[in-house]
1. Can you name the residue in the stretch A:185-203 that is at pLDDT 95 or above and within 29 Å of B:E200 (Cα to Cα) and, of all such residues, is surrounded by the most Cβ atoms within 10 Å (Cβ to Cβ)?
2. Does at least one position in the stretch B:204-216 carry a residue that is under 15 Å from the mean Cα position of the chain (by Cα) and surrounded by fewer than 19 Cβ atoms within 10 Å (Cβ to Cβ)?
3. Of everything in the stretch A:45-71 that's part of a loop (DSSP other than H, G, I, E, B) and out of contact with any helix residue (DSSP H, G or I) (no Cβ under 6 Å at 6 or more places or on another chain), which residue is farthest from A:L25 (Cα to Cα)?
4. Tell me yes or no: at least one residue of the stretch B:130-145 is of a type in the set (G, A, S), more than 10 Å from chain A (Cβ to nearest Cβ) and part of a loop (DSSP other than H, G, I, E, B).
5. Can you pull out every residue in the stretch B:188-208 that is more than 11 Å from every other protein chain (Cβ to nearest Cβ) and among the hydrophobic types (A, V, I, L, M, F, W, C)?
6. Just the residues that are buried (at least 22 other Cβ atoms within 10 Å of the Cβ) and either among the hydrophobic types (A, V, I, L, M, F, W, C) or within 19 Å of A:V102 (Cα to Cα) (or both), please, taken from the stretch A:136-155.
7. Return a yes/no flag: does the stretch B:12-23 have any residue that is modelled with pLDDT of 95 or more, more than 26 Å from B:Q177 (Cβ to Cβ) and outside any loop (DSSP other than H, G, I, E, B).
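The values are calculated or read from the model by the stated rules, or taken from the named source; none is laboratory data. Given the structure is predicted, the values throughout are model-derived calculations rather than measurements. Glycine gets a Cβ as well: all are built from the backbone with ideal geometry, and neighbour counts include every protein chain shown.
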There are 2 protein chains.
Amino acid sequence: MRKYAVIVAGGSGLRMGADKPKQFLLLRGKPILYHTIQQFLKAFPDILIYLVLPNDFLQEGQELIREFGPSVNIQLVVGGATRFHSVQNGLNKISEPGIVFVHDGVRCLLSEGLIKRCYEQALVKGSAIPAVAATDSIRIMNATGSQVANRNLVRIIQTPQTFQTNLLLPAFVTAYQDAFTDEATVMEASGQAVHLIEGEYNNIKITRPVDLLIAENILIQREQVPN
Amino acid sequence: MRKYAVIVAGGSGLRMGADKPKQFLLLRGKPILYHTIQQFLKAFPDILIYLVLPNDFLQEGQELIREFGPSVNIQLVVGGATRFHSVQNGLNKISEPGIVFVHDGVRCLLSEGLIKRCYEQALVKGSAIPAVAATDSIRIMNATGSQVANRNLVRIIQTPQTFQTNLLLPAFVTAYQDAFTDEATVMEASGQAVHLIEGEYNNIKITRPVDLLIAENILIQREQVPN
């Protein structure tokens, strides 16, 4: 079965207080995106990766791809106005059926094991959405105030959101809606159910400066005890 | 108005991989609980603090109290079988009306500003429950799978959960239920609404080794730019 990854790093925000977007910040001497891509290549060396970048950062993307050498298959895709449009641009490149991982570029700490479990479950179930239990109380706002959610039923959603291409590609042939906050919501809007699987607590998004520190700490531990 | 804090540190778990419970681990040379207590004393020097500890750690508690000198009012309380029972043991010590903060001992990074806002809002509204918006997609499991929650309506609940004692104390005169995951749920079970206010992203619970690193980083920044 063919394997595709659409790695979304379409943001050009500088909220981290650095001089480049967060996906290019260095972690153990390599850009965050390098670590992300490397995990997919470790899990599936024959994977075809579509790396979705802002138009202004294609040159940085080319330099990143060169680091992996000529044998790997990574193509740059220009991002769109929203995450939905960026993912759509990536999915539009796919012409042969297979399994596609849609992944946040700044979640560089996912394990090879998670990638493989997503693949196997999506093969069987059509989709695999990694999720973890909530450690805090969660409330949902309503007209009169808020209501506590049963903590046993709350799941925090991660990526790679993984799908059979013959289900996800048709779902993305649609107009954008504000409710499309991830690929699972697009899939559901097309009438397909999604299947949650166990995610990983370490599979964090790097969005704040302190997350870089956490990520470095986790990578150092991993170098000592490879997973 | 009298001010009370019930600081709950009833756990004796060693999940952090250390030789003592997490609330006694050192952060910038002082136990985590020291930092927590200090924030309440900075906000309200006249506050009466009930520190709820496991029975086996009362001696450590006495040593901690001594660090603050004779002028502060901190009393030790022995924890119960659940968080509900631990908080109940603390609340049972209160005899005069006032405002009570119920706070997780391992949330040592809350600001004085948050404590003061909780106080002011609880005075006006009866309760003040700090909460922050969710940064990830959240799903709620149901009989057929899961349903995405509208991210704009999801709130992640923190402490100090703050109440007028004349509302919270009667609410705690009840039998334990599994649904009592925090003080807000106990308050609601008594027929009272709770009022959410804006929390702080830095107001994290220290539960994993990496959280100590995050906390240290935040404290170092704060020493440079006091809040």
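1. The qualifying residue surrounded by the most Cβ atoms within 10 Å (Cβ to Cβ) is A:G199.
2. Step one: list which residues in the stretch B:204-216 are under 15 Å from the mean Cα position of the chain (by Cα), which gives B:204-207.
Remaining after also requiring surrounded by fewer than 19 Cβ atoms within 10 Å (Cβ to Cβ): B:205, B:207.
Within the stretch B:204-216, one or more residues are under 15 Å from the mean Cα position of the chain (by Cα) and surrounded by fewer than 19 Cβ atoms within 10 Å (Cβ to Cβ).
3. Step one: list which residues in the stretch A:45-71 are part of a loop (DSSP other than H, G, I, E, B), which gives A:45-47, A:54, A:68-71.
Okay, now just the ones that are also out of contact with any helix residue (DSSP H, G or I) (no Cβ under 6 Å at 6 or more places or on another chain), so A:45-46, A:54, A:68-71.
Details: A:P45: 25, A:D46: 27, A:P54: 15, A:F68: 18, A:G69: 21, A:P70: 24, A:S71: 25 Å.
The qualifying residue farthest from A:L25 (Cα to Cα) is A:D46.
4. Yes: the stretch B:130-145 contains one or more residues that are of a type in the set (G, A, S), more than 10 Å from chain A (Cβ to nearest Cβ) and part of a loop (DSSP other than H, G, I, E, B).
5. Within the stretch B:188-208, B:I197, B:I206 qualify.
6. Within the stretch A:136-155, A:I138, A:V154, A:R155 meet the criteria.
7. At the first step, the residues of the stretch B:12-23 found to be modelled with pLDDT of 95 or more are none.
Checked the stretch B:12-23: no residue is modelled with pLDDT of 95 or more, more than 26 Å from B:Q177 (Cβ to Cβ) and outside any loop (DSSP other than H, G, I, E, B).
Listed here are the residues, each with its yes/no results for (1) of a type in the set (S, T, N, Q); (2) more than 22 Å from A:I214 (Cβ to Cβ).
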{"position": "A:G105", "(1), (2)": "no, no"}
{"position": "A:G113", "(1), (2)": "no, no"}
{"position": "A:N166", "(1), (2)": "yes, yes"}
{"position": "A:V173", "(1), (2)": "no, yes"}
